[in-house]
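Q: One structure follows; several queries about it will come next.
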Amino acid sequence: MIFNEHQQVLLGKRLGKHGYGTRAFPGGHLEYKESPFDCAVRETREETGLILNYVNQGPWTNDVFDDGSHYLTLFMLANHPGGIPRVLEPDKCEKWEWFDWNDLPAPLFRTIITLKSNHTDLIKSLKAKAHIGNYGSMLP
């Protein structure tokens, strides 16, 4: 989850068969022996061209999809490092846009629906822990 200075989150419109047409954060699968922190940096760079400087551990969700796939999703938190997100994988994502957490577009990727349902006070909680909104607070 990448937050900009207005505390909006970056969402892409998915084009792959898994979640086609839904909105989702940059992300993907871990590579062998890769940490979740390194994965967040790598996936964000590969998908958007943005280079994350500091990443914090966020909440997680446990989702079973209609196709029978089962995912444990580890959400990672980062402040927008600057720059304009670009579509670098046009076969997987149509566009990147910023949205207010309380006004996300439909349809959302299942993991984000679960995240919002399980963490109704997520933004308030993150602000209290200084994970977002304080650009000097994220340490490696």
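Q: Of the numbered conditions (1) touching a helix residue (DSSP H, G or I) at 6+ places or on another chain (Cβ under 7 Å); (2) within 15 Å of residue 103 (Cα to Cα); (3) of a type outside the set (D, E, K, R), residue 27 fails exactly one; give the number of that condition.
A: (2)
Q: Within region 60-109, how many residues turn out to be touching a strand residue (DSSP E or B) at 6+ places or on another chain (Cβ under 8 Å), of a type in the set (D, E, K, R) and under 16 Å from residue 15 (Cβ atoms)?
A: 5
Q: Moving to a separate point now. Do you know which residues across region 35-72 are under 13 Å from the mean Cα position of the chain (by Cα) and either assigned to a loop (DSSP other than H, G, I, E, B) or surrounded by fewer than 18 Cβ atoms within 10 Å (Cβ to Cβ) (or both)? I'd like the intermediate steps shown before the answer.
A: Just the residues of region 35-72 that are under 13 Å from the mean Cα position of the chain (by Cα), to begin with: 36-37, 39-45, 47-48, 50, 52, 55-61.
Once the filter is applied, which keeps residues that are under 13 Å from the mean Cα position of the chain (by Cα) and either assigned to a loop (DSSP other than H, G, I, E, B) or surrounded by fewer than 18 Cβ atoms within 10 Å (Cβ to Cβ) (or both), region 35-72 yields 36, 37, 42, 45, 50, 52, 55, 57, 59, 60.
Q: For region 16-34, what are the residues that are surrounded by 16 or more Cβ atoms within 10 Å (Cβ to Cβ) and in contact with an Asp or Glu (Cβ under 6 Å, 6 or more places away or on another chain)? Break it down into steps so the answer makes sense when it comes.
A: Applying the first criterion (surrounded by 16 or more Cβ atoms within 10 Å (Cβ to Cβ)) to region 16-34 yields 19, 22-27.
Selection gives 26, 27.
Q: Give just the number: which of (1) aliphatic (A, V, I, L, M); (2) in contact (Cβ under 8 Å) with a residue 60 or more places away in the chain; (3) in contact with a Pro (Cβ under 9 Å, 6 or more places away or on another chain) does residue 52 not satisfy?
A: Every condition holds for residue 52 apart from (2).
Q: In region 92-140, which residues are assigned to a loop (DSSP other than H, G, I, E, B), at pLDDT 95 or above and closer than 17 Å to residue 75 by Cβ?
A: Scanning region 92-140 gives 104, 109.
Q: Mind checking which residues of region 92-118 are over 24 Å from residue 35 (Cα atoms), in contact with a Ser or Thr (Cβ under 7 Å, 6 or more places away or on another chain) and touching a residue at least 60 places away in the same chain (Cβ under 8 Å)?
A: Once the filter is applied, which keeps residues that are over 24 Å from residue 35 (Cα atoms), in contact with a Ser or Thr (Cβ under 7 Å, 6 or more places away or on another chain) and touching a residue at least 60 places away in the same chain (Cβ under 8 Å), region 92-118 yields 96, 107, 108.
Q: Now, a different point. May I ask you to say which residue of 63, 67 is over 25 Å from residue 6 (Cα atoms) and modelled with pLDDT under 95?
A: Just a single option satisfies the conditions, and that option is 67.
Q: Pull up region 74-91, narrow it to residues that are outside any loop (DSSP other than H, G, I, E, B) and touching a residue at least 40 places away in the same chain (Cβ under 8 Å), then point me to the one that is farthest from residue 115 (Cα to Cα).
A: The first filter runs over region 74-91 and keeps only residues outside any loop (DSSP other than H, G, I, E, B), leaving 74-79.
Next, only the ones that are touching a residue at least 40 places away in the same chain (Cβ under 8 Å) stay: 75-79.
Numbers: 75: 9, 76: 12, 77: 13, 78: 16, 79: 19 Å.
Selected residue: 79.
Q: Give the residues of region 21-43 that are in contact (Cβ under 8 Å) with a residue 24 or more places away in the chain and among the β-branched types (Val, Ile, Thr), sorted by residue number.
A: Listed by number, the list holds a single entry, 22.
Q: Taking residue 87 and the conditions (1) buried (at least 16 other Cβ atoms within 10 Å of the Cβ); (2) modelled with pLDDT under 95; (3) more than 19 Å from residue 61 (Cα to Cα), which numbered condition does it fall short on, given that it satisfies the others?
A: Of (1) buried (at least 16 other Cβ atoms within 10 Å of the Cβ); (2) modelled with pLDDT under 95; (3) more than 19 Å from residue 61 (Cα to Cα), only one is false for residue 87: (2).
The values are calculated or read from the model by the stated rules, or taken from the named source; none is laboratory data. Remember, predicted model here, so these are calculated numbers, not experimental data. As a convention, Cβ positions derive from the backbone with ideal geometry for all residues, glycine included, and neighbour counts pool all protein chains shown.
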